[in-house]
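> One structure, pasted below without further comment.
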Amino acid sequence: MERAYEMGAAYVREKTGKALDLYNRILPEFCHYENKCLYDTFVKGIPEFFKWYDIQFEPQNTILTLDYPLLKDISEYTGIDKIFEFIKSIGLEQKFLKLFPAGYVINILSKDNRNWQESMDNICEIVFTHVIGHIMLGKSLTVIELKETDYFYMQEMFEQIALEDIKKHLEVTLEIYIKNYYENDRELLNYLSGAISGIVVRLKNAADNKVLGNII
């Protein structure tokens, strides 16, 4: 029993060290794109976790509510496992967003929501939706403002092609995109792939309601 406890404690100590190391590697170039929720959760919140985390007596206590939402569900985790998954996910989001100039990202965020600074939405998902929309239309990512004909074309696409086929096409396209621009980072690919289904449904709903211009 005591040996099992010691092994468990050693695991928690090692995981805490890994999480802190990862956090310290992400933080210097971290950008919150003026989003308060992301800043408060990552820059203010995470250090408080490491400050108060009790490895010995409460290793399962996550301490933080982690208000900033991720593109993956980490609700099954607790304590340092949850914090580690959160930090790792933020690192992947930062890697994805860093491909674009900060002003470009903010432009997309402000187009999606004029109050993006106070928004509690995942900013990576908003930019990723923009990217997916452009990929579907075969448009350069440098084109921020699309034309009415582009939106009409996408509306027709959703009317004529099954959602499942669109998802499959995007999964293949995303793999090529990650290979070309992110050195084939499989973790990033897996992280973003998990969001495709939801984004495609969101785009379809926007197409059905003729409000695609609000999100891409």
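The values are calculated or read from the model by the stated rules, or taken from the named source; none is laboratory data. Values in this document were obtained by computation on a predicted structure and should not be read as measured data. A quick note on method: Cβ atoms are made from the backbone with ideal geometry, for glycine too, and the neighbour counts reach across all protein chains shown.
> Residue check, HIS32 against (1) touching a residue at least 24 places away in the same chain (Cβ under 8 Å); (2) under 14 Å from the mean Cα position of the chain (by Cα); (3) surrounded by 17 or more Cβ atoms within 10 Å (Cβ to Cβ), all met but one. Which one?
Failing condition for HIS32: (1).
> Further question on the same structure: How many of the residues in segment 188-216 are within 20 Å of the chain's Cα centre (by Cα) and surrounded by fewer than 14 Cβ atoms within 10 Å (Cβ to Cβ)? Full working, then the answer.
Restricting attention to segment 188-216, the residues satisfying the condition of being within 20 Å of the chain's Cα centre (by Cα) are 188-203, 214-216.
Filter again for surrounded by fewer than 14 Cβ atoms within 10 Å (Cβ to Cβ), leaving 190, 194, 198, 201, 214.
Adding up the residues that qualify gives 5.
> Filtering segment 1-21 down to residues that are surrounded by fewer than 16 Cβ atoms within 10 Å (Cβ to Cβ) and among the hydrophobic types (A, V, I, L, M, F, W, C), which residue is modelled with the highest pLDDT?
ALA10
> Which condition does GLN155 not pass, out of (1) surrounded by fewer than 17 Cβ atoms within 10 Å (Cβ to Cβ); (2) over 22 Å from ASN190 (Cβ atoms); (3) assigned by TED's automatic domain parsing to the domain that holds ASN214, if it passes all the others?
Single failed check for GLN155: (1).
> Determine which single condition GLY45 fails, assuming it passes every other condition in (1) surrounded by 16 or more Cβ atoms within 10 Å (Cβ to Cβ); (2) touching a Phe, Trp or Tyr at 6+ places or on another chain (Cβ under 8 Å).
Just one mismatch for GLY45, condition (2).
> Then there's this: Between residues in segment 196-214 that are in contact (Cβ under 8 Å) with a residue 24 or more places away in the chain and under 17 Å from CYS124 (Cα atoms) and residues that are of a type in the set (S, T, N, Q) and assigned to a helix (DSSP H, G or I), which pairs lie under 9 Å by C-beta distance while being six or more apart or on different chains?
ILE199/THR129; ARG202/THR129; LEU203/THR129
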